[in-house]
Amino acid sequence: MDITKRFSMYAFEMTATKDGVYTWSEDELMSTLGYETRTAFRKAVHKAMQACLTMNVSPLDDFIKDGDGFRFTRFACYLVVMSCDTRKPRVAQVQFQFAALADVIPDPRIQAARVDRVIIREEVTDGMKSLSATAQNHGVVDYARFMDAGYRGMYNRSLAELERLKGIRPGEQLLDRMDRTELAANLFRITQTDRKIENENVHGQAALENAASEVGAVVRKAMIDLNNTAPEQLPIAEHIDVAKKKLKTARKELKKLNATKERDELLFKVVEERDLVDEESLGDGPGYTPDPEEDSE
């Protein structure tokens, strides 16, 4: 596919194969998005498959092995597109068209942020399990106090104080309400605390708390230096369960497009009309990389 031409959802639909459901070859989607090698493209594919797992959806239902590659359902295509690098000129354009096809969100960047959030949130959970095991092996006595030391280093306040500041409701976890920027920063803090303890062979409650606080302070300084924003100033996002639900809703909407010949004809009509949308409706243009976290109400 010639990536110098404007993406046509209608043309893309016509490349599908139907065997119960419509599927597209990995090479077709890779070419559509402007990737030249499978190695680079597979990073987005694996990210999309991980998003399925975090939603308790089997990737095997949408990412179908085909020799040494894959065939993708519409939802798999959708997740891959939302997981791709928006610095590629073609990606933002394709994201816009796929978001319109799913007809569930006003802006593809919001759904891309959701994909990132559900994946990073799962990685944070895994990172905390590893850090807990490491701290136990190195003599932690009060694990809650040890974890709070990390928050104090990063936020200049305890977790309880931070939750009050951010308006986290009783029964909610702050990590479930962090946007992807804040989640990624905390993932870095957690993994680097783990490595520091192991690499420096830190032992004992007080020393472990100092290590957690030091790493938190480094992350805090980096965020302020790079973006002039302290982590406690970052806004909360929709609950992670809501993000997962909206991704599942997109899957449901896309599955409807497999239903009947009449539905297919309607689909072709709709996507053909949307192909006529002026490029300016993409907003910031095909090279944008903003990071919205919430639908505008």
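Please enumerate the residues belonging to the range 195-218 that are small (Gly, Ala, Ser), part of a helix (DSSP H, G or I), open to solvent by 20 Å² or more (accessible area, probe 1.4 Å) and under 14 Å from ASN137 (Cβ atoms). Answer for the range 195-218, where residues must be small (Gly, Ala, Ser), part of a helix (DSSP H, G or I), open to solvent by 20 Å² or more (accessible area, probe 1.4 Å) and under 14 Å from ASN137 (Cβ atoms): just ALA207. Look at ASN228 and say whether it is of a type outside the set (Asp, Glu) and farther than 23 Å from GLU123 by Cβ. When the stated conditions are applied, ASN228 passes them. Selection of the range 144-158 for residues being assigned to a helix (DSSP H, G or I) and surrounded by fewer than 17 Cβ atoms within 10 Å (Cβ to Cβ) yields ALA144, ARG145.
Condition check: not in a helix (DSSP H, G or I) and not hydrophobic (A, V, I, L, M, F, W, C). Does ARG169 satisfy that?
The answer is yes for ARG169.
The values are calculated or read from the model by the stated rules, or taken from the named source; none is laboratory data. It should be emphasised that the depicted structure is a prediction, and the values quoted were computed from it without experimental measurement. As a convention, Cβ positions derive from the backbone with ideal geometry for all residues, glycine included, and neighbour counts pool all protein chains shown. We work out accessible area using only protein heavy atoms, side chains counted, and drop any ligands, DNA or RNA first. Shrake-Rupley method; radii C 1.70, N 1.55, O 1.52, S 1.80 Å.
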